[in-house]
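Written below as structure tokens is the structure these notes are about.
The values are calculated or read from the model by the stated rules, or taken from the named source; none is laboratory data. The structure presented is a predicted model; accordingly, all values stated were derived computationally and were not measured. Cβ atoms come from the backbone with ideal geometry, glycine included; neighbour counts cover every protein chain shown.
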């Protein structure tokens, strides 16, 4: 199957390991029938979503559905440390715990033996329902270790036996929609709340900026310095522009600062950025968390994609859109699904036109 969720080699190895491990662990695994779940009997729910910042933002509709379906239950969310403070401010769960697990690629991650301590801690909580939206066998092993009575998740890389209810991974479904699809399998059919989140005590600025967020977690997702400089040149006559400075956009920001010394640059914590962003005009960014954060806050956003399939992670909010190359990839590259040449083939002129179209349509709808 052609898919863009897991590196094919890693997925093959993981599924092989899953088959080898099963005979040795099956005697320790109990199963339950999720059809017997009664809403009023679910008192404590655990959600594991700790790989990337954007992953948390994308599953917010699913978290809202869980909360509305189990209004009397306490919802605990495990995130990575980079997003834990923002998750608390957005009030998307009753309790937030943060860990940087060793298989998530974070630099300051806990060690594998430290995971056992986390397992013991969460096991004491006696969760009634545990849910994982990732489908990674390592996530499923951790979820199983927490001792949640019911365990719901995807069989993406093996380990379906670690769950009480497993769903085949829908590889061609958008990340937000597959999370909702997983919840529908246990009868959570309520309408999803898609209203924007308003953060109290936001940082207000009378100047409504078009916000440029050049950063992304992989260099193949990032637009070139030349493209950003050209886009600012196209925008500066008619819009107030702000740049978001992150660790992976320092060189681009510094280059723009040399050309436009008075350009506004925002730095600081993710929480402060969110408080400020909710009052701005629009955000333009890569296929990264920033465009999803804008959508959650009700701000129009434009995501720039490269070779990767936008139907899997594009921002799905009112006033959000994306732009990607108008050709298939024929470049030589060393990444199994990303291509920097394709990303940079999206021209600043086409992005500028998309910005104007989005602003026009958004203004007409809100007049």
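So that you can scan it fast, the table gives a plain yes or no per residue for (1) over 19 Å from the mean Cα position of the chain (by Cα); (2) outside any helix (DSSP H, G or I); (3) surrounded by fewer than 18 Cβ atoms within 10 Å (Cβ to Cβ):
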position	(1), (2), (3)
196	no, yes, yes
202	yes, yes, yes
208	yes, yes, yes
216	no, yes, no
220	no, no, no
226	yes, no, yes
239	yes, yes, yes
248	no, no, yes
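The C-beta contact set for region 323-336 (first residue under 21 Å from residue 285 (Cα atoms), second residue part of a strand (DSSP E or B), distance under 7 angstrom, 6+ apart or interchain) comprises 323/302; 323/304.
Yes/no per residue for (1) outside the structural domain of residue 69 (by TED's automatic domain parsing); (2) under 20 Å from the mean Cα position of the chain (by Cα); (3) surrounded by fewer than 21 Cβ atoms within 10 Å (Cβ to Cβ); (4) in a strand (DSSP E or B):
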{"position": "122", "(1), (2), (3), (4)": "no, no, no, no"}
{"position": "130", "(1), (2), (3), (4)": "no, yes, no, yes"}
{"position": "139", "(1), (2), (3), (4)": "no, yes, no, no"}
{"position": "148", "(1), (2), (3), (4)": "no, no, no, no"}
{"position": "158", "(1), (2), (3), (4)": "no, no, no, no"}
{"position": "173", "(1), (2), (3), (4)": "no, yes, yes, no"}
{"position": "176", "(1), (2), (3), (4)": "no, yes, no, no"}
{"position": "180", "(1), (2), (3), (4)": "no, yes, yes, no"}
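Each row is one residue, and each column tells you yes or no for (1) loosely packed, with under 15 Cβ neighbours inside 10 Å; (2) modelled with pLDDT of 95 or more; (3) farther than 18 Å from residue 240 by Cα; (4) touching a strand residue (DSSP E or B) at 6+ places or on another chain (Cβ under 9 Å).
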{"position": "282", "(1), (2), (3), (4)": "no, yes, no, yes"}
{"position": "293", "(1), (2), (3), (4)": "no, yes, yes, yes"}
{"position": "301", "(1), (2), (3), (4)": "no, yes, no, yes"}
{"position": "304", "(1), (2), (3), (4)": "no, yes, yes, yes"}
{"position": "328", "(1), (2), (3), (4)": "yes, no, yes, no"}
{"position": "337", "(1), (2), (3), (4)": "no, no, yes, no"}
{"position": "360", "(1), (2), (3), (4)": "yes, no, no, no"}
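Selection within region 80-91: residues that are without any contact (Cβ under 8 Å) to a residue 60 or more places away in the chain and touching a helix residue (DSSP H, G or I) at 6+ places or on another chain (Cβ under 7 Å). The member of this set that is nearest to residue 201 (Cα to Cα) is 87.
Going by the structure shown, is residue 321 buried (at least 19 other Cβ atoms within 10 Å of the Cβ), touching a helix residue (DSSP H, G or I) at 6+ places or on another chain (Cβ under 7 Å) and in a helix (DSSP H, G or I)?
The answer is no for residue 321.
Residue 22 falls short on exactly one of the conditions (1) assigned to a helix (DSSP H, G or I); (2) assigned by TED's automatic domain parsing to the domain that holds residue 119; (3) surrounded by 13 or more Cβ atoms within 10 Å (Cβ to Cβ), and that condition is (2). Here residue 235 fulfils each of the conditions (1) in contact (Cβ under 8 Å) with a residue 24 or more places away in the chain; (2) out of contact with any strand residue (DSSP E or B) (no Cβ under 9 Å at 6 or more places or on another chain) apart from (2). Where helices (runs of 4 or more DSSP H) fall entirely within region 255-314, those with at least 3 residues that are in contact with a helix residue (DSSP H, G or I) (Cβ under 9 Å, 6 or more places away or on another chain) and either within 22 Å of residue 239 (Cα to Cα) or in the same structural domain as residue 242 (by TED's automatic domain parsing) (or both) are at 270-277, 289-296.
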